[in-house]
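Structure first, commentary second.
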Amino acid sequence: MEHPINILERYWKFTAFKPNQEAIINAVLEGEDTFALLPTGGGKSLCFQIPALVKEGICIVISPLIALMKDQVQQLNNKGIKAMALTSGISYSELDTLLDNCIYGNYKFLYLSPERLQQELVQDRIRLMNVNLIAVDEAHCISQWGSDFRPAYKNITLLRQLQPSTNVIALTASAKPEVIEDITKELDFIQPKIFKQSFYRPNLGYMVYHENDKYYRIESILKKYSASSIIYVRNRKLTLELSSFLKSKNITATHYHGGLSNDEKDANMNAWLNNQKQVMVATNAFGMGIDKPDVKTVIHLNLPESIESYFQEAGRVGRNGDKAFAVILKNNSDAVLVKNQFLKVLPTVNFVKQVYRKLCSYFQISYGEGEYITNDFDFNTFCKTYSFSSILCYNTLLLLDRNSVITLSKQFKNKVTVQFIISSSALFNYLETHQELNLIVKSMLRMYGGIFDHITKIDLKRIAEKASVTESELINALHELENNQIISLDLAKTDAQITFIQPREDDKTINRIATIIEQQNKLKQQQVKSMLDYIKNDTVCKSMQLLAYFGEKDVKPCGICSVCASTKKESKPQDINTIKKRIIELLENGDLSSRLISTTLNCSEKDVKTVLKLLLEHNIIAITQTNTYKLKHL
Ligand code: ADP
Ligand code: MG
């Protein structure tokens, strides 16, 4: 049997494992059901890929997103490893051949969407395969307590029946206790080997400050710590606005959001990575895979949607172990903003019904039909046709995808950019000899003022309308202008594809998932509430609050967060009522001993004991068997 480290070096050219990777790989190789909890970017893929390469046979990987699967298959193929993904849009006979290849063709990896497991053909063939490992990537999708819940993940238990003696590895970055419990149960794990690092980051100070003038506060933080920083803001517009503000204050800054071209993204990211720019102002689109060691501050101008997202974004600070700060700036408008941004955009069951019905009529699907029919889809036209709010409609399509009603083939990417790269007089000379382009060019000039000066995003549909040509005629014309070096052109494909994977049954289709929709909406509300509780609670150490959320209870105050720092400053005697209030708040996060209560609150054990006695007498708290105190819920 080849040693895992050799495989790591040969195929990946890495010289050492990341934390926990080797232990996880060994557990898998020993045939254990294994639970790998690693942060995003922690290297989860290798934890199943390496054991699968060590052993004979094929590894079945369940993954929620087609894009993720294709990406991994591509990377494996580039290393000369045989891997395939069964996504939607494959005909029955093709499927037949592909599955045969998995049995006889020395394939090492078969990536499957959970929906595929429902197909009998797939089940029959898996039974015949020499499966060496079942990997469930993004395993939190199995849990209704996770925000990416995909009911089809429940099909995975079928794999257990088809391959009863094969061990399973579940991989996720999500550490909420309810989620972990769900995964363990759903995957039928008996005494799994669970690998989980503590989320405690001793060098990281979590700060929450109330601040009416947030820009001013940001400026002073960045001048005090003039080192690498990320600032998260609510929307694309603010990335520009705040980075310009910082520049005006002589702080070097750049920005990043999902709407930038790939070139802009790369350029801005690199300027920040190599410290030409101190500050990256970004939406939450920024950060995946970023491993910059010397980030000193991560500042949130606006609240994230959940503690999970916050923890991930804040966690990009201080990777080199130096003292670092994650700061939230809050004021009275935040609660409203966060609700508008994250809760008002949740589609209700009725709205989902409307969109689904319109989707069916848009594609002229008759009742009872539509299964496995794929259509090209222009999202903007669809929204406009039925006057749907685009964000609500987008969330609805994602929801339908997660619940296996449709499959969306890729993210919407609606971008064509143009810039004229010759002078206007040269352009008019050119048009003299190219009359057929006259109307198109002039339409563009009328509609987009700065198109000579900068790269401009254009709307193909509107220009085509104005110039009375079809969209494909317009695209041909743009290509001609590009070939003649009149314009620079970036033509990203605009279409998404939608595959219906259930026959149309109107409301019945949606009624089947109605409880899931409602429950997921409730979950989002709870997540926002937890975030608001976190910024409100100024009694309990911030680090302890975050860790408690992820199920870590026996931790001590960090000593450096905004709460710890202010209690240190106070440390004068406190009156009984304050201590009482603070103890109750503290116990809301879990049971504690009197010692831990007094260190956390930074007051004498004697005072704490006096108050505890009072609370016991008033039946507000109780003593547990392990001599800790717990809150009584009346
Ligand atoms: P996750 O799924 O946990 O988010 P990935 O498996 O996608 O993480 O890995 C994240 C990145 O880390 C990838 O670019 C991967 O090549 C890299 N990586 C994984 N293991 C190692 C290692 N042992 N040494 C260096 N880089 C690694
Ligand atoms: Mg991954």
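Please treat every number below as a calculation from the coordinates, not as lab data. Remember, predicted model here, so these are calculated numbers, not experimental data. Cβ coordinates were reconstructed from backbone atoms using ideal geometry, including for glycine residues, and neighbour counts include every protein chain displayed.
A compact table of results
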read-out: Relative contact order of segment 413-494, pairs being alpha-carbon contacts under 8 Å that are 6 or more residues apart, as %; value: 53
read-out: Distance in nm between pseudo-label sites at Glu94 and Lys529 (7 Å out along the Cβ direction from Cα); value: 4.7
read-out: The chain: antiparallel DSSP beta bridges as a percent of all, rounded to 5; value: 30
read-out: Student exercise, the chain dipole from Lys, Arg, Asp, Glu Cβ charges, in Debye to nearest 20; value: 2320
read-out: Farthest positive-ward along the chain dipole, Cα basis, beta-carbon charges - from Ser226, Ser593, Thr166; value: Ser593
read-out: Top positive-direction residue, dipole computed over the chain with Cβ charges, set Val441, Gly559, Gln72; value: Gly559
read-out: Gain upon complete extension [Lys82, His3; 0.36 nm per residue less C-alpha separation]; value: 26.4 nm
read-out: Ascending count of other beta-carbon atoms within 10 Å, so fewest first, for Lys461, Lys296; value: Lys461, Lys296
read-out: Additional length obtainable on full extension of the chain from Leu431 to Ala16, 0.36 nm per residue less Cα span; value: 143.3 nm
read-out: Segment 313-399: chymotrypsin sites (Phe, Trp or Tyr not before Pro) falling in loop per DSSP and having at most 14 other Cβ within 10 Å; value: Tyr367
read-out: Spherically averaged projected area in nm², based on the convex hull that wraps the Cα atoms of the chain; value: 33.9
read-out: The chain - percent relative contact order, Cα under 8 Å, separation 6 or more; value: 12
read-out: Length released on extending from Glu588 to Asp266, taking residue separation times 0.36 nm less the Cα-Cα span; value: 111.4 nm
read-out: Alpha carbon centroid spacing (whole Å) that separates segment 436-473 from segment 509-544; value: 45
read-out: Fewest-first ranking of Leu303, Leu592, using other Cβ atoms within 10 Å as the exposure measure; value: Leu592, Leu303
read-out: Label point distance in nm, Glu120-Thr348, each placed 7 Å from Cα along Cα→Cβ; value: 4.2
read-out: Rounded if a/c under 1.5, otherwise prolate or oblate - segment 1-80, Cα gyration tensor axes; value: rounded
read-out: ³J(HN,Hα), Karplus 6.51/-1.76/1.60, whole Hz, each residue of segment 454-461, x for Gly, Pro; value: 9, 5, 10, 7, 10, 10, 4, 4
read-out: Simple label model, 7 Å out from Cα along Cβ direction - Arg512 to Lys613, nm; value: 6.5
read-out: Charge dipole (debye, nearest 20) of segment 573-631; +1 at Cβ of Lys and Arg, -1 at Cβ of Asp and Glu; value: 100
read-out: Too-long pairs where the Cα-Cα distance tops 21 Å, listed order kept, from Lys581/Lys613; Lys344/Lys461; Lys265/Lys323; Lys384/Lys457; Lys353/Lys384; Lys176/Lys330; value: Lys344/Lys461; Lys265/Lys323; Lys176/Lys330
read-out: Segment 385-464 - charge dipole about Cα centre, Lys and Arg +1 at Cβ, Asp and Glu -1, debye rounded to 20; value: 280
read-out: Net +/- balance of residues flanking Ser174 in space, Cβ distance below 9 Å, scoring K and R +1, D and E -1; value: -2
read-out: Nearest-0.05 FRET efficiency for Tyr104 and Glu241, computed from C-beta distance (R0 45 Å); value: 0.15
read-out: Residues Arg10, Arg234, sorted so that the one with the fewest Cβ neighbours within 10 Å comes first; value: Arg10, Arg234
read-out: Signed unit charges on C-beta, dipole axis of the chain, positive-most listed residue Ile621, Gln497, Ile134; value: Ile621
read-out: Relative contact order of segment 4-196, pairs being alpha-carbon contacts under 8 Å that are 6 or more residues apart, as %; value: 29
read-out: Chymotrypsin sites (Phe, Trp or Tyr not before Pro) lying in DSSP loop within segment 476-563, provided at most 16 other Cβ fall within 10 Å; value: none
